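The values are calculated or read from the model by the stated rules, or taken from the named source; none is laboratory data. These numbers were taken from a predicted model, which means no experiment stands behind them. Here the Cβ positions follow ideal geometry from the backbone for every residue, glycine too, while neighbour counts run over all protein chains shown.
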Ligand SMILES: [Zn+2]
């Protein structure tokens with residue numbers, strides 16, 4: 001959609017709070033934030049993660065990383081994308097995480113029922129056919145979860161930009177049991 005066709009977003013013109021229509025989902029989030037901030041006290045934390053760990057995971061809505069891994073506010077970096085795939089942009093975030101913010105360990109998490117299991121690179125070609133331009137990025141779809149975790153571990157371990165590559169572990173999270181299953185990088 002061309003930018004000129006977008007509705008203007010001036011403060012107070014949102015559909016939810018001042019209009020007559022139902023609140024949008026974003027209105028709900030903003031209202032929840034009002035309550036959050038009302039109870040919030042400044043933890044006085046440094047930006048460097050307490051546990052010196054970066055977790056790379058799929059963006060899947062069923063994956064609550066903090067609850068699943070017993071993490072508290074300030075403990076870790078969470079870096080998420082579709083699939084939890086180690087792309088150049090994940091390497092960018094990990095590089096900043098390690099070099100500027102002191103993390104040492106990397107945990108990679110894929111999961112059962114991932115949307116990328118149902119996609120192929122045809123996704124890009126279909127987009128190209130629709131919009132007349134092929135995306136520069138790969139879909140990074142996969143058929144074998146374990147193998148993709150291994151490939152992701154390998155991409156981290158071979159990145160020349162990362163100073164800490166000795167503690168890199170990969171897992172598959174089962175969305176029906178909540179359990180992590182570790183992937184042997186060598187099998
Ligand atoms: Zn997923």
* To do: Name the residue, out of 168, 172, 139, 149, that is farther than 23 Å from residue 69 by Cβ, buried (at least 17 other Cβ atoms within 10 Å of the Cβ) and under 20 Å from the mean Cα position of the chain (by Cα).
  => 139
* **Inter-residue pairs, beta-carbon under 7 Å, first in the same structural domain as residue 117 (by TED's automatic domain parsing) and on the phi > 0 side of the Ramachandran plot and in the range 74-94, second more than 16 Å from the ligand (Cβ to nearest atom) and at pLDDT below 95, 6+ apart** => 74/43; 74/45
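Considering each residue of the range 67-76, count those that are away from the ligand (no atom under 16 Å from the Cβ) and not in a loop (DSSP other than H, G, I, E, B), and give that number. Talk me through it step by step, then tell me what you get.
The first filter runs over the range 67-76 and keeps only residues away from the ligand (no atom under 16 Å from the Cβ), leaving 67, 69-76.
Within this subset, residues satisfying the condition of being not in a loop (DSSP other than H, G, I, E, B) are 67, 69, 76.
The qualifying residues number 3.
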* If a residue has to be within 16 Å of the ligand (Cβ to nearest atom) and either assigned to a loop (DSSP other than H, G, I, E, B) or without any contact (Cβ under 8 Å) to a residue 12 or more places away in the chain (or both) to count, how many in the range 39-66 make the cut? -> 6
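Would you confirm whether any residue within the range 102-110 is in the same structural domain as residue 166 (by TED's automatic domain parsing), without any contact (Cβ under 8 Å) to a residue 40 or more places away in the chain, in a strand (DSSP E or B) and within 11 Å of the ligand (Cβ to nearest atom)? Break it down into steps so the answer makes sense when it comes.
Let us first name the residues in the range 102-110 that are in the same structural domain as residue 166 (by TED's automatic domain parsing), namely 102-110.
Then drop every residue that is not without any contact (Cβ under 8 Å) to a residue 40 or more places away in the chain, which leaves none.
No, that holds for no residue.
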